[in-house]
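*Asks:* The structure is given below, and queries will be raised subsequently.
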Amino acid sequence: MTALTMPARPDADGDASPRPIPWRRMAGVTWRQHRAALASVAVLLGALAVWLWRMGVPLHQAYAAAVACHPAASAACQDLVGGFNSSADGHFMGSKGPGGVLLQVLPALIGAFVGAPVLARELETGTFRFAWTQGFVRWRWALGKLVLLAVVLAVATAAFGALVAWYFQPYGGASPQVPGLFENSPFGDLFSLREVTFPAWTVAAFAIAALAGMLIRRVVPAIVATLAVYAGLAFATAGLLREHYLTPLVTTAVSLPGASTAWVIGQWSTLNGRFAYAGDPPLNLVNQYCGSNSGAKGGPPGAVFTQCLAPHGYVQWTSYQPTSRLWPFQWIEGGWLLALSALLIAVTVWLVQRRAA
Amino acid sequence: MTALTTPSLPDSEDDADPRPLPWRRMAGVTWRQHRAALVGMAVLLGALAVWLWIVGASAHHAWAAATACRPVGSADCQDLAAAFNGTWDAMSIPAVLLQVVPALIGAFTGAPVLARELETGTFRFAWTQGFGRRRWVLAKLVALATVLAAAGTAFGALVSWGFQPFSALGNQDLGLYGDSPLVGQFSLREVTFPAWTLTAFAAGALAGMLIRRVVPAIAAALATYAGLAIAAAGLLRERYLPALVTSNPNVPGTAWIIGQWWTKGGRFAFAGNPSPSLVGQFCNFPQSGVSKTGGGLSGAAPAPAPTIQQCLAPHGYVQWTSYQPTSRLWPFQWIEGGWLLALSVLLIAATIWLVHRRAA
């Protein structure tokens with residue numbers, strides 16, 4: 001009994017198991033534990049994809065017909081342009097419709113409902129006592145599940161984001177200019193739903209949810225906490241961060257290059273090289289230099305005022321993000337969200353390892 | 001031993017307890033079990049209410065300034081109108097996102113009521129109390145539904161107040177943004193907000209009883225709610241009452257335009273707006289391709305529609321509009337609130353029947 005030196009069973013906490021179990025075994029376990037969530041995500045995204053596809057094909061056809069029509073000023077071409085434009089305005093999934101805004105909740109819901117149960121469900125039901133004492137070692141258990149699920153979510157949502165980007169492409173311009181054709185900036189509401197940003201936001205929600213689950217240890221409160229944190233992050237990004245990704249360009253040109261698709265950050269005017277006013281000119285200036293009926297109906301009043309104030313030394317400056325920065329901005333937002341997600345997952349795994357079994 | 005006739009413990013299945021426990025005892029139990037959900041709801045609605053109060057007050061101020069401005073059309077007034085329209089820019093996206101609030105509140109409160117007891121096994125204890133399982137479930141569901149409805153009504157009243165300037169009569173004439181109160185925030189008002197919340201709550205409770213797990217029940221309730229809301233907004237709502245039809249071009253700007261079509265010589269000619277080519281043929285003004293639907297998105301451009309109607313009328317074209325007048329706002333509210341309430345009662349009744357039927 002005293003000389004018995006057989007190695008004890010490897011300590012569950014020990015990182016250096018003699019013969020580590022291969023990682024790929026974890027895939028089967030992960031699938032069995034989370035197949036309901038993954039199947040639901042697949043059904044949801046699949047149904048939405050079919051719906052978007054069925055609406056997107058006629059939309060692209062209407063756009064192609066309007067662009068290909070020559071001569072552009074003819075009545076027949078104007079009919080085609082009018083038909084396309086009415087889809088932007090009145091349609092539920094038009095560029096101005098509420099559908100695009102409602103899609104914003106998708107990454108949050110997907111990430112929260114998949115991510116929160118990963119650890120919280122094990123902790124809530126007590127099964128973590130079994131799962132974390134397997135030979136696979138608990139930190140590898142948590143890391144394997146989190147990384148695998150994050151990759152699956154990222155792939156699925158990247159495909160869906162590509163479809164969203166395709167659907168809204170006709171509204172984004174970046175094509176031969178046709179007079180009167182509706183255009184909208186790709187930096188608008190739908191910026192966060194494209195190929196790069198959709199998976200990035202989904203993975204961020206997933207990582208927030210996993211950490212919340214580890215901290216709160218109950219599934220439903222973790223989901224709620226995730227939705228709250230995500231909402232704060234999304235509003236802060238859209239309202240404060242995004243316009244500062246790159247230094248905006250500044251121009252004195254009255255009509256911007258790619259006028260209707262650039263993202264105008266701010267406008268101000270100078271007089272003799274010194275700041276005069278921000279935004280629209282004050283009333284007394286307008287009354288002084290612009291005629292009484294200059295407040296043109298139908299057009300943006302700013303352009304008219306700029307023209308009549310220019311001879312008096314007022315120069316209007318516009319800071320804007322050009323449309324060509326769409327992809328840099330996509331990668332910047334995708335990059336910091338991915339870094340944030342990796343950090344959150346690392347913290348989660350560290351907490352799993354640290355927690356007394 | 002044989003003559004011992006003291007009553008045995010009242011059977012938990014038996015509704016006719018000799019001395020039924022008072023209902024109000026259930027209030028304390030319900031609060032203790034669901035206080036986290038209720039507090040979460042209060043925090044969410046409270047934060048949104050503060051935001052709504054701030055933006056709503058600024059919208060009211062801007063509206064009052066813009067409508068009081070004389071003479072209409074001066075640069076001064078146009079500035080005020082632009083300032084008012086600017087307040088809408090800040091509210092338009094959150095206004096759409098508010099639509100998910102009833103779904104989230106209802107699903108997150110309703111799904112755990114039964115699913116959590118069933119998932120954790122505590123139903124074996126809860127349902128065998130002297131209170132009786134049917135009364136247990138009924139008391140919890142009704143108490144929570146009442147609290148949700150009261151909170152939802154208060155919040156809905158605030159939503160109505162906050163968005164009131166954007167559906168005021170005569171906005172379009174002043175170049176102000178305006179939309180029909182029957183569209184936009186229709187489902188977020190005093191009557192419909194609590195009704196939709198209750199529906200999500202009842203759907204969550206029933207889904208919890210059927211699925212017996214909280215998270216899938218929440219997901220199912222959200223999916224059901226989304227389908228129901230899309231069907232109601234896209235198909236049902238415009239048919240609550242038969243739409244009025246008129247050939248008068250001056251439909252009030254706050255009416256809800258259901259459809260527009262044109263006839264020529266008493267026969268149907270085309271739907272929607274006249275094509276630019278037709279306009280170009282009969283009307284002598286350069287027609288831009290910009291659409292001019294009745295959506296009233298920009299109050300800046302007064303609709304050129306009357307002009308088009310005037311120049312097409314001599315050629316026999318008559319424009320017909322089917323619409324729901326603004327005066328139907330309250331009938332519509334009560335119709336939608338009514339059927340949603342009936343649906344909620346039905347779902348709760350089905351839930352209680354399932355609870356009663358299930359073998360303990």
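The values are calculated or read from the model by the stated rules, or taken from the named source; none is laboratory data. Fair warning: this is a prediction, and the values are worked out from it, not measured in the lab. Cβ sites come from the backbone with ideal geometry, for glycine too, and all protein chains shown count toward neighbours.
*Asks:* Anything in the range A:261-287 that is within 17 Å of A:Pro248 (Cβ to Cβ), in contact with a strand residue (DSSP E or B) (Cβ under 9 Å, 6 or more places away or on another chain) and of a type in the set (Ser, Thr, Tyr)? List them, or say none.
*Replies:* Passing the criteria: A:Ser269, A:Thr270.
*Asks:* Can you tell which of B:Ala203, B:Ala223 is farther than 27 Å from B:Thr326 by Cβ and free of Cβ contacts under 8 Å to residues at least 24 places away in the same chain?
*Replies:* B:Ala223
*Asks:* Out of the residues in the range A:78-133 that are among the aromatic types (Phe, Trp, Tyr) and surrounded by fewer than 19 Cβ atoms within 10 Å (Cβ to Cβ), which is nearest to the other protein chains (Cβ to nearest Cβ)?
*Replies:* Applying the filter and picking the extreme gives A:Phe92.
*Asks:* Further question on the same structure: So in the range A:85-98, with the set limited to residues that are part of a helix (DSSP H, G or I) and closer than 17 Å to A:Ser185 by Cα, which one is modelled with the lowest pLDDT? Spell out the reasoning first.
*Replies:* Let us first name the residues in the range A:85-98 that are part of a helix (DSSP H, G or I), namely A:85-90.
When the remaining residues are screened for being closer than 17 Å to A:Ser185 by Cα, the result is A:85, A:87-89.
Numbers: A:Asn85: 78, A:Ser87: 73, A:Ala88: 71, A:Asp89: 66.
So, considering only residues that are part of a helix (DSSP H, G or I) and closer than 17 Å to A:Ser185 by Cα, the one modelled with the lowest pLDDT is A:Asp89.
*Asks:* Which members of the range B:91-137 meet the condition of being under 15 Å from B:Ala202 (Cβ atoms) and not hydrophobic (A, V, I, L, M, F, W, C)?
*Replies:* Matches in the range B:91-137: B:Pro102, B:Gly106, B:Thr109, B:Gly110, B:Pro112.
*Asks:* A follow-up question, please. Just the residues that are modelled with pLDDT of 75 or more and within 14 Å of another protein chain (Cβ to nearest Cβ), please, taken from the range A:289-328.
*Replies:* Result: A:Tyr289, A:Cys308, A:Leu309.
*Asks:* Is it true that B:Ala103 is within 14 Å of another protein chain (Cβ to nearest Cβ), under 30 Å from the mean Cα position of the chain (by Cα) and under 26 Å from A:Gln104 (Cα atoms)?
*Replies:* Spelling it out, B:Ala103 is indeed within 14 Å of another protein chain (Cβ to nearest Cβ), under 30 Å from the mean Cα position of the chain (by Cα) and under 26 Å from A:Gln104 (Cα atoms).
*Asks:* Among the residues of the range B:335-360, which ones are loosely packed, with under 15 Cβ neighbours inside 10 Å and among the β-branched types (Val, Ile, Thr)?
*Replies:* Hit for the range B:335-360 is B:Val345, nothing else.
*Asks:* Among the residues of the range B:183-200, are any among the polar types (S, T, N, Q), at pLDDT 90 or above and more than 14 Å from B:Ile348 (Cα to Cα)?
*Replies:* Scanning the range B:183-200, I find at least one residue that is among the polar types (S, T, N, Q), at pLDDT 90 or above and more than 14 Å from B:Ile348 (Cα to Cα), so the answer is yes.
*Asks:* Being more than 26 Å from A:Leu285 (Cβ to Cβ), free of Cβ contacts under 8 Å to residues at least 12 places away in the same chain and more than 14 Å from chain A (Cβ to nearest Cβ) is the filter here, so list the residues in the range B:40-83 that pass it.
*Replies:* Quick first cut of the range B:40-83, residues more than 26 Å from A:Leu285 (Cβ to Cβ) only: B:40-57, B:59-60.
Imposing the further condition that a residue be free of Cβ contacts under 8 Å to residues at least 12 places away in the same chain reduces the set to B:43, B:46-47, B:50, B:54, B:57.
Within the range B:40-83, B:Val50, B:Ile54, B:Ala57 qualify.
*Asks:* Could you grab me the full set of residues in the range B:149-170 that are surrounded by fewer than 23 Cβ atoms within 10 Å (Cβ to Cβ) and either hydrophobic (A, V, I, L, M, F, W, C) or in contact with a Ser or Thr (Cβ under 7 Å, 6 or more places away or on another chain) (or both)?
*Replies:* Across the range B:149-170, the qualifying residues are B:Ala149, B:Ala150, B:Ala151, B:Ala154, B:Ala157, B:Leu158, B:Trp161, B:Ser167, B:Ala168, B:Leu169.
*Asks:* Report, by residue number, each residue of the range B:164-182 that is within 19 Å of B:Tyr323 (Cα to Cα), over 11 Å from the mean Cα position of the chain (by Cα) and part of a loop (DSSP other than H, G, I, E, B).
*Replies:* If the condition is that a residue be within 19 Å of B:Tyr323 (Cα to Cα), over 11 Å from the mean Cα position of the chain (by Cα) and part of a loop (DSSP other than H, G, I, E, B), then B:Ala168, B:Leu169, B:Gly170, B:Asn171, B:Gly178, B:Asp179, B:Ser180, B:Pro181 are the ones that fit.
*Asks:* Name the residue that is nearest to B:Ala313 (Cα to Cα), counting only residues in the range B:229-255 that are in contact with a Pro (Cβ under 8 Å, 6 or more places away or on another chain) and surrounded by 12 or more Cβ atoms within 10 Å (Cβ to Cβ).
*Replies:* Per the stated criteria, the residue is B:Pro249.
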